[in-house]
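Written out below as structure tokens is the structure these notes cover.
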Amino acid sequence: MTTAVVAVVIDNEDKNHVRRTSPKADASHVPNLGGTINIDVRVLLIEPDYFARRGVKFLIAIDPRVRLVGELDSFEQLDSHTEDLRSADILLISASQFGSPQNVLKRVSAVHTDFPKKKFVLMDLPNPERLDTNFFTLGLVGVLVKNEIQDGIASALTRAFGDQIVISESIVPFTHTWPAHIKDQLYIVPPGVRFEKLSKRLSQVADLYAGGLTPVQIADELKLTPQTVQTYIKRIYDIVDASDKWQVFQRLTARQDEDDDHN
């Protein structure tokens, strides 16, 4: 399943003047959006959060056009994973680990010096209003917020592999200072369904369950009893109104910071 992406063209600096067109009308920009699959987008994921990493991996795996070639929990690990770096088309980076756009820029710039053809998609960038437009000269092709477009991340990566720059809806207000040629390439990924009732603990269980783990394996992973996990799974199904594992993860697009009562 591939989530539809809506084209965005920002006509001037007023964010209210945003024209949206259907992806079908613009299908030439990304080969075979709904047809024969002949795209092989190779992605290297850099995400320090264990559960977020598992979730992104699952969502990438469901789209045969996108392939994960490696996963790291820090930028420092790139030095020991040069083969993964060489083979990747896109580096999908959780930017929240760096503290500021300036720190992200330094890290990306260092990689760009050695690998000038690499593309970058940043997730959860701190202070996106302060994004340095020099990023775009370094291969930046996306600024995403995981909890907004979680179930559309693979589709967004296929567009970033082409000639689009993909952004989450909440990033749109910050694009008024971006260069005109960048605005012409912008596509906004529509937000997924959000279920704010899921606590952090329920989100953890849902991520592992939808990723293929059994209740016994989840219990071992989270140091819970299998009976408790079964109870959590039932609650998850009820909250998101799902009938199978795929629907659980498809509809789970937001995680909250607060712990569950049984945590």
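Structure notes:
- Computed extension length for SER80-HIS181: 32.7 nm, one decimal, from 0.36 nm per residue of separation with the Cα-Cα distance subtracted.
- Ranked GLU76, GLU221, criterion: other C-beta atoms within 10 Å, fewest first: GLU76, GLU221
- Annotation: the residues ASP73, ASP79, ASP63, sorted from fewest to most other C-beta atoms within 10 Å of their own C-beta, follow the order ASP79, ASP73, ASP63.
- Each residue in GLU71, GLU83 was given a count of other beta-carbon atoms within 10 angstrom of its own, and listing them fewest first yields GLU83, GLU71.
- Given LYS118/LYS183; LYS57/LYS234; LYS146/LYS200, the pairs whose alpha carbons are separated by over 18 Å: LYS118/LYS183; LYS57/LYS234
- Segment LYS57-SER170, extension gain: residue separation times 0.36 nm, minus the distance between their alpha carbons: 38.4 nm
A short reminder: the numbers here are calculations on the coordinates, not readings from a lab. A quick note: this is a predicted structure, and the numbers were derived from the prediction, not measured. Backbone-built Cβ (ideal geometry, glycine too); neighbour counts: all protein chains shown.
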